[in-house]
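What follows is a short report on a single structure.
The values are calculated or read from the model by the stated rules, or taken from the named source; none is laboratory data. Just so it is clear, the structure is predicted and the values come from calculations on it, not from any experiment. Quick reminder, even Gly has a Cβ in these numbers, built from the backbone with ideal geometry, and neighbours come from all protein chains shown.
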Amino acid sequence: MLIDGSTALVVGGASGLGAATVRALSERGAQVVIADVDVERGEALAGELGARFVTADVTDAEQLAGAVGAAAALAGGLRVCVQCAGIGHAERIARSRGPHELSSFERVMAINVVGTFNVLRLAAMAMRSNDPAGEDGERGVCVTTASIAAYDGQVGQVAYAASKGAVAAMTLPAARELAGSAIRVCAIAPGLFDTPLLAGLPADARQQLAASIPFPPRLGRPEEFARLACEIVANPMLNGEVIRLDGALRMAPR
Ligand SMILES: NC(=O)c1ccc[n+]([C@@H]2O[C@H](COP(=O)([O-])OP(=O)(O)OC[C@H]3O[C@@H](n4cnc5c(N)ncnc54)[C@H](O)[C@@H]3O)[C@@H](O)[C@H]2O)c1
């Protein structure tokens, strides 16, 4: 799918990996709509780049339909959707003070799994009515964000790992179904990236994490995630795959 001139929706685009993707798509000539719950950062980024911002919580069907509708109404319809909204969570299954809260597990699943599916279903529905474009007659491309925790979940990551495992697992059935509408679906499974999600950790913990990455032994840069998201959009043979982006990191149990 040609990025230049296409309309792209980046959900969770106000910060971190999503914000870098907004910048990368915008630099490559896409007309970008940012959807996020963080109004202040989302509006600031949209203002800086001449993009549009729509307030939308991924767990809210109506708000998200508004964001997808705003993108679909722009020239050429919604062609590219990158879903980066998500939350982290650390909690053990059984501790001396009691079991893992059910409510925290449900919240992680609601935002990371139901939220991602909400984005996928509404974006795909909007893309179905696009005119076929290019040599392959593509109608759209959806990129979601899993995590290497889907495969190497650490102690305390049971909710987060389960949620990202679900995001990874929806990729192939989604790509298989939407192939009939010429819509591709891929997921990126990032390792450790330098975003506000990790910025809260003390400097020595961040250094330790960075040193655990085989090569390059540093945290990933959000721009590197954005480059892969753009390649997925541009390369028509990338479909139905979850791509690890992690410098060969395999996380230890703790
Ligand atoms: N940073 C990493 O190392 C890393 C590694 C693996 C996976 N990921 C995943 O990448 C994605 C982006 O993470 P990040 O590091 O950029 O984090 P981030 O906190 O910088 O960005 C997440 C964005 O999602 C938005 N968001 C959160 N809940 C939302 C909701 N309910 N509705 C709409 N927007 C919502 C936030 O406001 C924020 O703008 C997440 O899904 C995260 O799990 C990150």
> Does R139 satisfy being at pLDDT 95 or above, more than 12 Å from the ligand (Cβ to nearest atom) and in contact with an Asp or Glu (Cβ under 9 Å, 6 or more places away or on another chain)?
Replying inline: yes
> Taking helices (runs of 4 or more DSSP H) that do not extend beyond segment 172-234, which have at least 3 residues that are within 14 Å of the ligand (Cβ to nearest atom) and under 21 Å from A85 (Cα atoms)?
Replying inline: 196-199, 222-234
> Would it be correct to say that G220 is crowded, with 18+ Cβ neighbours inside 10 Å and at positive phi?
Replying inline: no
> Which condition number in (1) more than 12 Å from the ligand (Cβ to nearest atom); (2) surrounded by fewer than 18 Cβ atoms within 10 Å (Cβ to Cβ) is the one that A44 fails?
Replying inline: (1)
> Considering segment 67-108 alone, what residues qualify as being among the charged types (D, E, K, R) and over 19 Å from A19 (Cα atoms)?
Replying inline: E91, R92, R95, R97, E101, E106, R107
> Which one is surrounded by the most Cβ atoms within 10 Å (Cβ to Cβ) among residues in segment 1-40 that are free of Cβ contacts under 8 Å to residues at least 60 places away in the same chain, closer than 21 Å to T144 by Cα and charged (D, E, K, R)?
Replying inline: D36
> Checking G165 against (1) at pLDDT 95 or above; (2) within 25 Å of E91 (Cβ to Cβ); (3) touching a Ser or Thr at 6+ places or on another chain (Cβ under 7 Å), which single condition isn't satisfied?
Replying inline: (3)
> From the residues in segment 237-254 that are surrounded by fewer than 16 Cβ atoms within 10 Å (Cβ to Cβ) and over 26 Å from C142 (Cβ atoms), which one is modelled with the lowest pLDDT?
Replying inline: R254
> What are the pairs, 6+ residues apart or on separate chains, where a residue within segment 68-93 that is on the phi > 0 side of the Ramachandran plot has its Cβ under 6 Å from a residue that is surrounded by fewer than 18 Cβ atoms within 10 Å (Cβ to Cβ) and of a type in the set (D, E)?
Replying inline: none
> Taking segment 47-73 only, how many residues are in a strand (DSSP E or B), aliphatic (A, V, I, L, M) and away from the ligand (no atom under 13 Å from the Cβ)?
Replying inline: 0
>> What pairs come out if I take residues in segment 159-175 that are over 13 Å from A189 (Cβ atoms) and pair them with residues that are among the small types (G, A, S) and modelled with pLDDT of 95 or more whose C-beta lies under 7 Å away, six or more apart or interchain?
In response: A159/S104; L172/G240; A175/G240
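Report, by residue number, each residue of segment 132-147 that is among the hydrophobic types (A, V, I, L, M, F, W, C) and crowded, with 22+ Cβ neighbours inside 10 Å. Before you say what the answer is, go through the steps one by one.
Applying the first criterion (among the hydrophobic types (A, V, I, L, M, F, W, C)) to segment 132-147 yields 133, 141-143, 146.
The answer is V141, C142, V143, A146.
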>> Quick check on my filter: what residues within segment 209-220 are touching a helix residue (DSSP H, G or I) at 6+ places or on another chain (Cβ under 8 Å) and within 25 Å of V10 (Cα to Cα)?
In response: L219
> Do you know which residues across segment 5-38 are more than 12 Å from the ligand (Cβ to nearest atom) and part of a helix (DSSP H, G or I)?
Replying inline: R23, A24, L25, S26, E27
